[in-house]
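The values are calculated or read from the model by the stated rules, or taken from the named source; none is laboratory data. Computed from a predicted model, the values in this text were never measured in an experiment. As a convention, Cβ positions derive from the backbone with ideal geometry for all residues, glycine included, and neighbour counts pool all protein chains shown. Ligands, DNA and RNA are stripped out before the accessible areas are found, and what is left, the full protein with its side chains, is counted by its heavy atoms. Shrake-Rupley method; radii C 1.70, N 1.55, O 1.52, S 1.80 Å.
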Amino acid sequence: MSLPAPLLRALRRGRRTVDRWLGRRGPDFVYSPRYQLDLQGALVDPLRGERILSFLDAAGLLTAAAVHTSAPASFRHLRRVHTDDYLDASSRPGSLTSIVGLAIGDEQTERILETQRTMVGGTLLATALALGSKGIAVNLGGGLHHAFAGKGERFCVFNDVAVAICELRARGFAGPVLIVDLDLHDGDGTRSIFAEDPTVHTFSIHNLTTSDERGRRAVGATVLELPGEVTDEVYLDTLRRQLPPVCASVHPDLVVYLAGCDPAADDALGNWKISPAGMLERDLFVTHLVRGGLHKPPLVVVLAGGYGRGSWRYSARFFSALLNRGQPLPLPDFAESTLLRYRRVAQEISAQELTGDSSVNPAADDWGLTLDDIMPAGAGLLRPTRFLGFYSRQGLELSLERSGVLERLRSRGFAEPTVEMEVGNPAGDTVRVYGDRGRRELLIEARLRIDRRELPGLALLRIEWLLLQNPRLPFSPDYPRLPGQKHPGLGLLSDVMALLVVACDRLQLDGLLFVPSHFHTAAQGRKHLRFIHPEHEALVRALEEALAGVDLAEATNAVAAGRVIDVRSGERFAWRPMPMVLPVSEALAERLNESEYQKMVEEAAGSYEFRLAE
Ligand SMILES: [Zn+2]
């Protein structure tokens, strides 16, 4: 990976230089689980902050002391920027629909306000930490720059950066402040709020400039609009030419950096073409410019925009450089991040909490369960009371609560998620999550059992049945009806799969086992699991080839209705049980020997050919 020249020079000058711009102790991070706002249809990843923390933690870069929890900002804080009329109006039912751009229920209004207030609290805390340490502090949220004093726009209800600065002013901090806003969008709300304040300079490079009149007349503002599909060269050149003179003339005593990731080429919303290397160069350029001189003002970083699944990775890599003496780690992998995050949460839950039984071997906390813990002596004589012989109902609920799944359901408007379990059925133990106490809206249903037959010598967690549905969402072109569906999916498959892997960790099982009963469940399962037998993999690849260009609902119907013909025999293809696994233990991974497996898939590839009947 190539590092930006100023950083390379700094590295060559020795570690002391890097230590100097990072601050004597590493940066502080501010986060709250309340930042996880899950709105179906929104492009913001609710696990963004958690993925960043899990990645940094797994790399061994985080200490517990560096992570701080934010609390919601009080109305006294919000009032430093926002008008009373607006604050009153924003809490009224229906008031957020136009700001958020989605139809929002009353319960969700409450939840969105809480999330944004907590993000404001986070920026307040990060500012205090940065000033206290004379170093760098990061809020893993915030950057709500489209919030004006008297109105909210484009998902921003309260302006966290403005509130934090005005709070500092109220506490006597008089020094000049520079806001560097490199989110793809114009920081119009922030610029408007400080339009008549010469002590706060707003610097923004963005795609479109607001029409806000007050913002246009701002006294201390640099407004740089780049039209079209901006590339690294134009973007970084603009930044390198324009920011240093502004920084020199403002001579700030505090810098707030909105490190929005929506300029990235793979952003789900943005139209710019900034490469991963360009994103890193941008972030390190700003950091070095602010922290590299003699003055070294405290630096507060907030996440601001960034849409789609991969956005968090740019922030994670930037912060890895801050934590690792200026040396960034490689761009993290998305697929691993969900599991990393759930494993991190699970390690904070003890076996006693999950079983509700204080007699469980305390050593089990370090994941060393014995057979006696899972199956106490004489257990076979009693009616089973534990899910998979281990979890109490409260334990299941606790695990769903701590991992944030119930909170995400609440943020989608399911006010009282209710967990129920059913054990003792030889077909498997069932857990259900409803959205309400009256158990009318079923959201999650999983029937699981431990299978020791499929792969002799190994124990697998077998998924007999898995239903994830959102009963409040209508079918639409975005959510077409698949066979067997009463409602569209819940969009939590990766999360549930990660929770099941964590259960395998806990119960010392070798992996997940799933035998899909339809083409579409196999197609969806393939994102997480693989076929045990290479010939099944070859067969399904041949099916997918024959059905290429056909949408999933139509494809699975064609398979089920016998409209797919086996070209070799001329007969209709009939779906057959083909077991899939997700390896968790080394033993299973070894048995599935990846390179040999791929070779066998290729060998089997010639044996299958299908076509869709006319
Ligand atoms: Zn943006």
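Observations on the model:
- Nonlocal amide H pairs with E464, under 5 Å, H built at 1.01 Å: R447, L448, R449
- Cα gyration tensor category, rounded, prolate or oblate, for region 193-289 with a/c compared to 1.5: oblate
- Restricting attention to the chain, close to 50% of DSSP beta bridges with both partner residues there are antiparallel.
- Within region 454-601, DSSP assigns beta bridges of which about 65% are antiparallel (rounded to the nearest 5).
- Coil-residue trypsin sites (Lys or Arg not before Pro) of region 517-559, DSSP, other Cβ within 10 Å capped at 14: K527
- Each residue of region 135-143 was assigned a 3J(HN,Hα) from its phi angle through the Karplus expression (A = 6.51, B = -1.76, C = 1.60, θ = phi - 60°), giving x, 10, 9, 10, 9, 7, x, x, x Hz with x at Gly and Pro.
- The 3J(HN,Hα) values that the Karplus relation (6.51, -1.76, 1.60; θ = phi - 60°) gives for region 184-201 are, in residue order, 4, 9, 5, x, 5, x, 4, 4, 5, 4, 9, 4, 10, 10, x, 8, 10, 9 Hz. Gly and Pro appear as x.
- Within region 461-487: backbone nitrogen closer than 15 Å to the L552 label point (7 Å, Cα to C-beta): 466-470, 475-487
- Count of lysine pairs in the chain with Cα separation under 30 Å (8 or more residues apart, or interchain): 4
- Among T418, T97, the order of accessible area from largest down is T97, T418, computed with a 1.4 Å probe on protein heavy atoms.
- Estimated D of the chain in µm² per second, where Rh is the Kirkwood radius over Cα pairs and Stokes-Einstein applies at 20 °C, 1.002 mPa s: 80 µm²/s
- In this structure, T238 and E544 have a Cβ-Cβ separation that, at R0 = 45 Å, corresponds to a calculated FRET efficiency of about 0.50.
- Compared with the direct C-alpha span, the chain from S350 to A103 gains 85.0 nm at full extension, assuming 0.36 nm per residue.
- Cα gyration tensor category, rounded, prolate or oblate, for region 83-133 with a/c compared to 1.5: prolate
- For V246, net neighbour charge (Lys/Arg +1, Asp/Glu -1) across residues whose Cβ lies under 14 Å away: +2
- In terms of its C-alpha gyration tensor, region 213-258 comes out oblate, because a/c is 1.5 or above while a/b does not outweigh b/c.
- Long-range HN-HN contacts of F29 with modeled amide H, under 5 Å: V67, H68, V138
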